[in-house]
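The structure appears below as structure tokens.
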Amino acid sequence: MTDHVNNKTTTNGHIQDKLVQDSITHNQNITAQVKARQNTATSVINNDFTHVEDLPIGTPQGQQTTMPNANTENHAQNSTVNDAAQTNTQATKQTLFNQRDDINNPHTSDTDGHEETHFGYKTVNKAEKQARVADVFTSVAKKYDIMNDLMSFGIHRLWKRYAISLSGVRAGQHVLDIAGGTGDLAKVFSREVGRNGKVVLSDINAAMLEVGRERLINAGCNNVDFVLANAETLAPFDDNSFDLLTISFGLRNVTDKDAALKSMYRVLKPGGRLLILEFSKPIFEPLSKAYDLYSFTALPMMGKLVANDSESYKYLAESIRMHPDQQTLKQMMEQAGFENCDYHNLTAGIVAVHRGFKA
């Protein structure tokens, strides 16, 4: 009887030891899997897409960054040109702009010849403007948010909040924020569209997009894609893709604004709306004069002190003066096909929100 009890106790001991060992092994396997997933996630989050050629190409997925459609002829041609220019840059160590920001430029010496446009108050060839604008925003990207707060005394946040109030954005919708930069609007839209919606933060400038990408990922916005795209062509996007398009303080930097508006109309779904938040023309003459004095003295000075770049902020002030006034931009939207267009002046017309719908 005693031997039977002892044998039973020994058997139970073996079973318990086996269960403990199995549990330890199982936990070790789970821990290894978790660590592997963490390492994979960390490598994705830490990818700072230093070079455009390193970016994945294909259908955008959450928190992924993509290039414009590499199958277009223009892109292929410009890639060759940019690669050659990048080689020359490495050899001479002299460049005016970051070559990776001059993406899918539809304006070349072959297509536009010596046709000219404005770069601030300067006159330049159309083929040059995109690169010059890229140089400006690559220079100011890291200080962009703090400079916006300083230049507008924080009022830019109220302007953006008002624009969002006109968006009519709803859960489940698809939103494209063009020239979205550091992602102020995209961050709000990410929350509004929810898990069943999608937001694309798009910018032509890789340095700006990099800042926005880091900011939104840190904020937990996991329904946002990040796409390098030219506003004039919006080449990565299909027709009738988005319920809402927004462009905030970016349209004035586009070389061909009419082409950009037509591209926005193309990718917008029927019934969708476009919102343009942009500097405009003050409607109160005394304010206009004070605004000019502030823009051409204080802004470059702040740019020099904070961002060590006065020239870029001088360009920004000049570009505002060269931008179409409220009524002209409304007419341009109508010519591109938008209906029921209107605009709302903010801060006495220093800024305006234009709105239009696709039938």
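The values are calculated or read from the model by the stated rules, or taken from the named source; none is laboratory data. Everything numeric in this text was worked out from a predicted model, so none of it was measured. Cβ placement follows ideal geometry from the backbone for every residue including glycine, while neighbour counts extend to all protein chains displayed. The accessibility values were calculated without ligands, DNA or RNA, using every heavy atom of the protein model including side chains. Shrake-Rupley method; radii C 1.70, N 1.55, O 1.52, S 1.80 Å.
Over all other residues within a Cβ to Cβ distance under 12 Å of residue 182, the charged ones net out to -1, with Lys and Arg as +1 and Asp and Glu as -1.
Counting only protein chain heavy atoms and rolling a 1.4 Å probe, the accessible areas of 343, 291 rank, largest first, as 343, 291. Over segment 135-260, the reciprocal of the mean inverse Cα-Cα separation, the Kirkwood hydrodynamic radius, stands at 14.8 Å. Using only the Cα atoms of segment 202-359, build the gyration tensor, take square roots of its eigenvalues as a ≥ b ≥ c, and label the shape rounded, prolate or oblate: rounded if a/c is under 1.5, else prolate if a/b is larger than b/c, else oblate. Verdict is oblate for segment 202-359. Of the listed residues 165, 280, the order by accessible area with a 1.4 Å probe, largest first, is 165, 280. By the scheme Lys and Arg +1, Asp and Glu -1, what is the net charge of all other residues having a beta-carbon under 11 Å from that of residue 242? For residues surrounding residue 242, the net value is +1.
For segment 259-359, relative contact order (Cα pairs under 8 Å, six or more residues apart, normalised by length) works out to 43 percent. Give, as a single signed number, the net charge of other residues whose beta carbon lies under 13 Å from the beta carbon of residue 298, with Lys and Arg counted +1 and Asp and Glu -1. Net charge around residue 298: +1.
Cross-link pairs exceeding 26 Å between alpha carbons, from the set 269/314; 257/304; 262/304; 129/304; 160/281: 269/314; 257/304; 262/304.
Taking 0.36 nm per residue of sequence separation and removing the Cα-Cα distance, the residue 258/residue 293 pair yields an extension gain of 9.6 nm. Ranking 143, 289 from most to least accessible surface, computed with a 1.4 Å probe over the protein chains only, gives 289, 143. For the peptides 298-305, 351-358, the ranking by mean Cβ contacts within 10 Å, running from highest to lowest, is 351-358, 298-305. Building the convex hull from the alpha-carbon atoms of segment 299-359 and averaging its projection over directions returns 5.2 nm². D by Stokes-Einstein for segment 281-332, Kirkwood Rh over Cα pairs, 10 °C, 1.306 mPa s: 133 µm²/s.
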